[in-house]
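Written out below as structure tokens is the structure these notes cover.
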Amino acid sequence: MPEKFMKEALKEAQKAYDIEEVPIGAVIVKDGKVIARGHNKRETKKQACAHAEIIAIEKACKKLDAWRLNDCEMYVTLEPCPMCAGAIMNARIKKLYIGAMEPKFGAVGSKVNLLEDIKFNHDVEVEKGILKDESISLMKAFFKARREK
């Protein structure tokens, strides 16, 4: 079942790609249904915090009329950065599914592991490598196209 929802996150990543944003997508799931979606919009919005995860969290909070997303899971195509890992923890997301790891800025195992190595007041379960090859392929295609411009 994680593949089903990661495919939805990949659709969001493709939306980012289509508007020339770094192709990262995220969805938030509650009770087996997608309740929020987000994709990278940093360039579009000219905002440093317009990451896929942050956008999805904001939409989920609005939909549920709550800041706590205790019974929710997030699927994201690329390992979250420190800001997004903190937001995931602060939103009390139950479980995080990651597509590909991010060796330069990843904060869930690559550079640091904010969700597993450090004990905060909320634990987030993490599963890595869901449709990893698809996530990596989209990123590689994006940066190849960017270099060719």
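Of note:
- Residue match in region 60-67 (condition: within 21 Å of Asp18 (Cα to Cα), in contact (Cβ under 8 Å) with a residue 12 or more places away in the chain and open to solvent by 80 Å² or more (accessible area, probe 1.4 Å)): no
- Inter-residue pairs, beta-carbon under 9 Å, first at positive phi and in region 105-116, second surrounded by 21 or more Cβ atoms within 10 Å (Cβ to Cβ), 6+ apart: Gly109/Glu79; Gly109/Ile98; Gly109/Leu115
- Residues in region 70-83 that are surrounded by 19 or more Cβ atoms within 10 Å (Cβ to Cβ) and under 14 Å from Ala36 (Cβ atoms): Cys72, Glu73, Met74, Tyr75, Val76.
- Filter result for Glu58 (in contact with a Leu (Cβ under 8 Å, 6 or more places away or on another chain), under 15 Å from Ala91 (Cα atoms) and charged (D, E, K, R)): no
- Condition check for Ile54: surrounded by 13 or more Cβ atoms within 10 Å (Cβ to Cβ) and within 9 Å of the chain's Cα centre (by Cα): yes
- In the set (1) closer than 17 Å to His39 by Cβ; (2) among the hydroxyl-bearing types (Ser, Thr, Tyr); (3) touching a Pro at 6+ places or on another chain (Cβ under 7 Å); (4) surrounded by fewer than 21 Cβ atoms within 10 Å (Cβ to Cβ), the condition left unmet by Ser137 is number (3).
- Test: residue in region 94-112 that is assigned to a loop (DSSP other than H, G, I, E, B), aromatic (Phe, Trp, Tyr) and either closer than 18 Å to Ala16 by Cβ or modelled with pLDDT under 95 (or both): yes
The values are calculated or read from the model by the stated rules, or taken from the named source; none is laboratory data. These numbers come from a predicted model, not from an experiment. Cβ atoms come from the backbone with ideal geometry, glycine included; neighbour counts cover every protein chain shown. For the accessible areas, the whole protein counts, side chains as well, though only heavy atoms, and no ligand, DNA or RNA atoms are used. Shrake-Rupley method; radii C 1.70, N 1.55, O 1.52, S 1.80 Å.
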